[in-house]
1. Which of the residues belonging to segment 349-400 are of a type in the set (Ser, Thr, Tyr) and over 21 Å from the mean Cα position of the chain (by Cα)?
2. Check Phe217, Phe175 and return the single one that is assigned to a helix (DSSP H, G or I), hydrophobic (A, V, I, L, M, F, W, C) and within 16 Å of the ligand (Cβ to nearest atom).
3. Does segment 394-410 include one or more residues that are of a type in the set (Phe, Trp, Tyr), without any contact (Cβ under 8 Å) to a residue 24 or more places away in the chain and either surrounded by 14 or more Cβ atoms within 10 Å (Cβ to Cβ) or away from the ligand (no atom under 16 Å from the Cβ) (or both)?
4. For Met291, state whether it is in a loop (DSSP other than H, G, I, E, B), out of contact with any Gly (no Cβ under 9 Å at 6 or more places or on another chain) and within 28 Å of Ala37 (Cα to Cα).
5. If a residue must be surrounded by fewer than 23 Cβ atoms within 10 Å (Cβ to Cβ) and either outside any helix (DSSP H, G or I) or within 16 Å of the ligand (Cβ to nearest atom) (or both), how many such residues does segment 255-272 contain?
6. Within segment 283-335, work out how many residues are farther than 29 Å from Pro170 by Cα and not hydrophobic (A, V, I, L, M, F, W, C).
7. Quick one: is Leu193 away from the ligand (no atom under 16 Å from the Cβ) and touching a Cys at 6+ places or on another chain (Cβ under 7 Å)?
8. I'd like the full set of residues that are open to solvent by 10 Å² or more (accessible area, probe 1.4 Å) and more than 9 Å from the ligand (Cβ to nearest atom), limited to segment 304-318.
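The values are calculated or read from the model by the stated rules, or taken from the named source; none is laboratory data. Not measured: the values here are computed from a predicted model. Counting neighbours? That spans all protein chains shown, and the Cβs are built from the backbone with ideal geometry, glycine included. To get the accessible areas, we keep the full protein, side chains included, count just its heavy atoms, and leave off ligands, DNA and RNA. Shrake-Rupley method; radii C 1.70, N 1.55, O 1.52, S 1.80 Å.
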Amino acid sequence: MKETVGRGRWASKAGFVLAAAGSAVGLGNLWKFPYMAGENGGAVFVLVYLLILVLIGMTVMLAELTVGRHTQLDALGAYKKLSAKWAWVGGMGVLCAFLIMAFYTVVGGWAIKYFIGSFASAAANIDFVGFITAPVEPIIYTLIFCLLTWVIVFYGIGGGIEKASKIMMPLLFIFIIIIAIRSCTLPGAGAGLDYYLNPDLSKINGGVILAAMGQVFFSLSLGMGCMITYGSYLDRNSSLTQSAWMIPALDTGVAFLAGLAIFPAVFAFGMQPDAGPGLMFGILPQVFAQMPAGTFFAAIFFLLVIFAALTSAISLLEVVTAYFVDEKAIKRSGASIIGILGIFILAVPCSLSMGSLAGVHIIPEIAAMNIPAMGFFDAFDFLTSKVMLPLGGLLLCIFVGWVWGTDNAINEITDGGFSSFSLAGIWSVLVKFVAPIAIFLVFLSGFGVI
Ligand code: TRP
């Protein structure tokens, strides 16, 4: 990642953990987790999320990192090396990276708008709906976000990003804590805490469980070979098991805090928790307005959001780039340009689907399967989070559990028995049986089959 020639290596172990955590922590935590929770019953979503995180998320995380470190290849190459028949699963991951980036860069653009907007006047004065439904302005911001992502991947300046991460990530953490404290101390915040932390179990249904599972995969960057690619840059003396719980723990901490920053304020201001994708952008500027030096605070916060989004976006573009470099023998420079161009072309209809293309549905309503009609943005989000990522995770588990084999995987994890892995037995059962069956059942209930 860090070099323009050769495949590169992480500068240090901390460098890898930071980069992998940087991939995981992004808009998925700050923007998506709170609004998904708000649309799916609040605390009950959080509870199901945590359950799936431990059972499936950590299991798949370890499996992906292991395949990556073992093969030292990109997602598609990794599958191909271990079993040629499975290469298409890696290919599906590359496709998935394009689709995620198509809407991710749009939201990244929104964050840039809010960052700049907080200098001009106050972010609270931005008319969110007016902005995102406009035909031109959001696309310009999307383009800026695309260019920033591309510059980092093109120049292979991951080293600089690794160093910057060491400052920005802890800063983001501290900022969210401060915002959460402000939010929780607003008059009337109690109702929000209740909504966010006190689960109403009667609200559980297949839709909530599928949404939570999709969010676990999205937030941990799992199910499409991103962690295979990152694991491939690891060398042998790095602890896979430690990464497999530390990254999810950090990621979940940030997502949880984001919810704690948003829900109390939602209720304190008498707003709706199920406002959807506009939730963070609508609420947080209001919270900043209640803080001393709020404008300054807002600017720094949105800068940190942009940074978190960028470290995730580069990991997605990296999947695409590594594919073209390793499989099509295209130079890194050309590969990253092809990647970002394709992404931007898909991002344009995503942005327009908020306004001018609002009536164009690329997925029609399928009432029997709980699928509403969807435009580009929602369709790409739905197809990736709720279908392709969990499916990719399911296939990866079957692949590692039954094709490559858990014995081979455990051999890689323990460096041939050199280091210990006390949960090896449990992990084998999780990979071979629990995770694949659970994912399959969640699909069935989410799509109304059971
Ligand atoms: N996890 C990132 C976030 O939460 C987004 C992301 C980066 C991602 N790489 C990924 C999602 C790979 C799915 C797959 O913002």
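1. Ser353, Ser356, listed by residue number.
2. Values: Phe175 fails: within 16 Å of the ligand (Cβ to nearest atom).
Matching residue, one of Phe217, Phe175: Phe217.
3. Within segment 394-410, the subset of a type in the set (Phe, Trp, Tyr) is 399, 402, 404.
Applying the additional criterion that residues be without any contact (Cβ under 8 Å) to a residue 24 or more places away in the chain yields none.
No, because not a single residue in segment 394-410 is of a type in the set (Phe, Trp, Tyr), without any contact (Cβ under 8 Å) to a residue 24 or more places away in the chain and either surrounded by 14 or more Cβ atoms within 10 Å (Cβ to Cβ) or away from the ligand (no atom under 16 Å from the Cβ) (or both).
4. Yes, satisfied.
5. 6
6. Of all residues in segment 283-335, those farther than 29 Å from Pro170 by Cα come to 323-335.
Narrowing further to those that are not hydrophobic (A, V, I, L, M, F, W, C): 323, 326-328, 331-334.
Number satisfying all stated conditions: 8.
7. yes
8. The answer is Ile306, Phe307, Leu310.
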